[in-house]
1. Return the pair list, or none, for Cβ contacts closer than 7 Å from residues in the range 61-77 that are touching a residue at least 24 places away in the same chain (Cβ under 8 Å) and closer than 23 Å to Gln115 by Cα to residues that are within 12 Å of the ligand (Cβ to nearest atom) and in a loop (DSSP other than H, G, I, E, B), at least 6 apart or on different chains.
2. Sort through Ala138, Ala80 and tell me the only one that's touching a helix residue (DSSP H, G or I) at 6+ places or on another chain (Cβ under 8 Å) and within 26 Å of Glu56 (Cα to Cα).
3. Among the numbered criteria (1) closer than 20 Å to Ile126 by Cα; (2) in contact with a Cys (Cβ under 9 Å, 6 or more places away or on another chain), which single criterion is violated by Leu89?
4. Taking Pro190, is it within 16 Å of the ligand (Cβ to nearest atom), exposed (fewer than 12 other Cβ atoms within 10 Å of the Cβ) and not in a strand (DSSP E or B)?
5. For residues in the range 6-50 being assigned to a helix (DSSP H, G or I), of a type in the set (D, E, K, R) and within 30 Å of Ile233 (Cα to Cα), which is farthest from the ligand (Cβ to nearest atom)?
6. From the set of residues in the range 51-70 that are within 8 Å of the ligand (Cβ to nearest atom) and of a type in the set (Gly, Ala, Ser), which is least open to solvent (accessible area, probe 1.4 Å)?
7. Charged (D, E, K, R) and either closer than 19 Å to Arg54 by Cα or surrounded by 18 or more Cβ atoms within 10 Å (Cβ to Cβ) (or both) - does that describe any residue in the range 133-153?
8. Filter the range 230-266 down to the residues that are in contact (Cβ under 8 Å) with a residue 24 or more places away in the chain and either touching a His at 6+ places or on another chain (Cβ under 6 Å) or exposed (fewer than 10 other Cβ atoms within 10 Å of the Cβ) (or both) and list them by number.
Amino acid sequence: MPLNIIVCIKQVPHPEHFAKISLDPARQTITREGIPTIINPLDRNALEEALTIREEFSGKVTVISMGPPQARDAIEEALAIGADNAILLCEQTFAGADTLATAYSLAYCIQKVGQFDLILCGNETIDSATGQVGPQLAELLNISHANYVNQIVFEQGKSLIVKRALEHGYMKVRVKLPALLSVVKEINQPRLPTVWGIIEAREKEIQVWGAADIEAVPDTIGLVGSPTRVTGIFKREMKRKNEILEGSPTEIVKKAVARLQELLAI
Ligand SMILES: Cc1cc2nc3c(=O)[nH]c(=O)nc-3n(C[C@H](O)[C@H](O)[C@H](O)COP(=O)(O)OP(=O)(O)OC[C@H]3O[C@@H](n4cnc5c(N)ncnc54)[C@H](O)[C@@H]3O)c2cc1C
């Protein structure tokens, strides 16, 4: 049975350049301009899983990303890795979205795409790391969802058994298709783009859509559609006071306890 799989990918700043990210206190935003970017690492795992499933069952892998024009780089890389086609949601109206507005935009886009069997997301991103977009998107599309997924096994018919990595073990869950799964890195080892893949990707179409293309309800997307607002943004200051305590180990412990009690006024 051929499967239509959608993979949601987000372009994020390269972790080696996180130190260069600056804060814009006037707009209460993070300034990412000029910082090298990558596909969010767990989204590469989501893409790898989609490609593996396509290899087994046949079908089509569509990549969707919402982001600024430079997010095209992430999409081109996903096409070179093996996705069949791609959509970039790119328009000023999408800017300033919180997680709910992001999920709404992706949901409208997926509704516009039409038929799908499986949506794969990363469990979380490395820049905002809320882990909310996947579950919110599934809710909006009214489909099943599982997160922390580290294994997917197809059953006969239209269901899957997924293994969820919990803090102290695993949970196996049966999930009915269509479904959205948020994956963790243990699920697979993502492949790299090949030279042939890069050449082939040039022939693949990237559709760039705005709010009108996905028939988005204006007050559900972008900053206007975001029920949360950043009210303050600051760099954490690390202040450390050092005190050297002298004496034998027993004396030092006694002094340390007394000093802590004094400082905490207990
Ligand atoms: C209160 C608040 C205000 C914000 N304001 C701004 C702002 O002004 N400007 C700004 O740039 N950002 C802003 N953000 C960040 C923005 O909301 C997030 O970048 C976005 O919603 C995704 O959230 P996340 O990174 O936590 O995704 P997670 O929920 O951690 O991501 C899980 C998965 O969802 C998918 N996904 C997430 N985002 C996308 C995407 N864009 N396209 C495709 N797939 C995606 C990926 O598969 C990802 O692995 C704000 C966030 C909050 C909480």
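1. Val63/Ile9; Ser65/Ile9; Ser65/Lys10
2. Ala80
3. Result: Leu89 fails condition (1) only.
4. Details: within 16 Å of the ligand (Cβ to nearest atom): yes; exposed (fewer than 12 other Cβ atoms within 10 Å of the Cβ): no; not in a strand (DSSP E or B): yes.
Here the answer is no, as Pro190 does not meet what is asked.
5. Looking only at the range 6-50, we keep the residues that are assigned to a helix (DSSP H, G or I), and these are 15-20, 41-50.
From what is left, the residues that are of a type in the set (D, E, K, R) are 16, 20, 43-44, 48-49.
If we keep only those that are within 30 Å of Ile233 (Cα to Cα) too, we end up with 16, 20, 43-44.
Values: Glu16: 19, Lys20: 16, Asp43: 5, Arg44: 10 Å.
Ranking the qualifying residues of the range 6-50, first place goes to Glu16.
6. Going residue by residue through the range 51-70, those that are within 8 Å of the ligand (Cβ to nearest atom) are 64-67.
From what is left, the residues that are of a type in the set (Gly, Ala, Ser) are 65, 67.
Details: Ser65: 1, Gly67: 19 Å².
Here the residue is Ser65.
7. Scanning the range 133-153, I find no residue that is charged (D, E, K, R) and either closer than 19 Å to Arg54 by Cα or surrounded by 18 or more Cβ atoms within 10 Å (Cβ to Cβ) (or both), so the answer is no.
8. Residues of the range 230-266 in contact (Cβ under 8 Å) with a residue 24 or more places away in the chain: 230-235.
Residues satisfying the conditions are Thr231, Gly232, Phe234, Lys235.
The values are calculated or read from the model by the stated rules, or taken from the named source; none is laboratory data. Here the structure is a predicted model, which means the values were calculated and not measured. With ideal geometry, Cβ positions are generated from the backbone for all residues, glycine too; neighbour counts draw on all protein chains shown. Quick note on the areas: whole protein, heavy atoms, side chains included, nothing else; ligands and nucleic acids left out. Shrake-Rupley method; radii C 1.70, N 1.55, O 1.52, S 1.80 Å.
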